[in-house]
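I have placed the structure first, in the form of C-alpha cells, so that the comments after it can refer back to it.
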Amino acid sequence: MNGLENPGVLDAFAHDTRADKLVLAMYEDRSWSGEEIQLFQLQEKLNAYLSFVLDGELNEAYPELAGKRVEIQLRTVHEPDVKAFDLIRRVRDQLDLQRITFEVVRIDGCGESGCGCL
C-alpha cells in the first residue's frame, strides 16, 4: 500500500529526462485536518526518502543516475492545511541546503481510500 501511512515504501520514482532530474513522489489521499499523526507520517516518509537519497542507496541501486538533481513531490488529493504547510515550509528550507526540491502537487483521486489508483 502506498501513501504517507506506509513510510517504508517508495511510492513512485522516475527520471524526468526533459528536466534531467529524479522525481520521488509520495501520495496522500486523506484530507488534511491538522492531526499530529498525519504530520508525523509525512515526516517519517520524508526521512525515508531522504535516507534513500543522501545515504547512498539511490546511487548504489541506480549508478547511472548519480549526480542528478532530486525533487521530492507530495502528490495530494486535498490542499494541505496551515499546519502541514508550516511543516512543508520548514522542510523546504532544510532541503535547499541539500540542493533537493520539495513540491506539493494536487492530483485527482478515485475517492476510495487505499485503492492504490493514485
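The values are calculated or read from the model by the stated rules, or taken from the named source; none is laboratory data. Model, not experiment: these values are computed from the prediction. Glycine also receives a Cβ, built like all others from the backbone with ideal geometry; neighbour counts cover every protein chain displayed. Only protein heavy atoms, including side chains, enter the accessible area calculation; ligands, DNA and RNA are left aside. Shrake-Rupley method; radii C 1.70, N 1.55, O 1.52, S 1.80 Å.
If you go through segment 53-90, how many residues are farther than 15 Å from Ala25 by Cα and not hydroxyl-bearing (Ser, Thr, Tyr)? Walk me through how you get there before you give the answer.
Of all residues in segment 53-90, those farther than 15 Å from Ala25 by Cα come to 54-57, 59-68, 78-87, 89-90.
Then keep just the ones that are not hydroxyl-bearing (Ser, Thr, Tyr); that gives 54-57, 59-61, 63-68, 78-87, 89-90.
Counting residues in segment 53-90 that are farther than 15 Å from Ala25 by Cα and not hydroxyl-bearing (Ser, Thr, Tyr) gives 25.
Among the residues of segment 78-89, write down those that are acidic (Asp, Glu) and assigned to a helix (DSSP H, G or I).
Our first condition is that a residue be acidic (Asp, Glu); within segment 78-89, this holds for 79, 81, 86.
Scanning segment 78-89 gives a single hit, Asp86.
Are any residues in segment 52-77 outside any helix (DSSP H, G or I) and open to solvent by 70 Å² or more (accessible area, probe 1.4 Å), and if so, which ones?
Step one: filter segment 52-77 for residues outside any helix (DSSP H, G or I), giving 55-56, 62, 66-77.
Once the filter is applied, which keeps residues that are outside any helix (DSSP H, G or I) and open to solvent by 70 Å² or more (accessible area, probe 1.4 Å), segment 52-77 yields Asp55, Tyr62, Gly67, Arg69.
From (1) part of a helix (DSSP H, G or I); (2) out of contact with any strand residue (DSSP E or B) (no Cβ under 7 Å at 6 or more places or on another chain); (3) open to solvent by 60 Å² or more (accessible area, probe 1.4 Å), pick out the condition that doesn't hold for Arg92.
For Arg92, the exception is condition (2).
Working only within segment 20-45, note down all residues that are touching a helix residue (DSSP H, G or I) at 6+ places or on another chain (Cβ under 6 Å) and either open to solvent by 30 Å² or more (accessible area, probe 1.4 Å) or part of a helix (DSSP H, G or I) (or both).
Result: Leu39, single match.
Would segment 50-73 turn up any residue that is modelled with pLDDT of 95 or more and in contact with a Gly (Cβ under 8 Å, 6 or more places away or on another chain)?
no
Report whether or not Ala14 is without any contact (Cβ under 8 Å) to a residue 40 or more places away in the chain and closer than 19 Å to Met1 by Cα.
When the stated conditions are applied, Ala14 passes them.
Please count how many residues of segment 1-19 are farther than 19 Å from Lys68 by Cα and open to solvent by less than 70 Å² (accessible area, probe 1.4 Å). Steps first, please.
Restricting attention to segment 1-19, the residues satisfying the condition of being farther than 19 Å from Lys68 by Cα are 1-9, 11.
Filter once more, so that each one left must be open to solvent by less than 70 Å² (accessible area, probe 1.4 Å): 3-4, 6-7, 9, 11.
Residues in segment 1-19 being farther than 19 Å from Lys68 by Cα and open to solvent by less than 70 Å² (accessible area, probe 1.4 Å): 6 in total.
Does at least one position in segment 98-116 carry a residue that is assigned to a helix (DSSP H, G or I), over 15 Å from the mean Cα position of the chain (by Cα) and farther than 17 Å from Gly8 by Cα?
The initial filter retains those residues of segment 98-116 that are assigned to a helix (DSSP H, G or I), namely none.
No: segment 98-116 contains no residue that is assigned to a helix (DSSP H, G or I), over 15 Å from the mean Cα position of the chain (by Cα) and farther than 17 Å from Gly8 by Cα.
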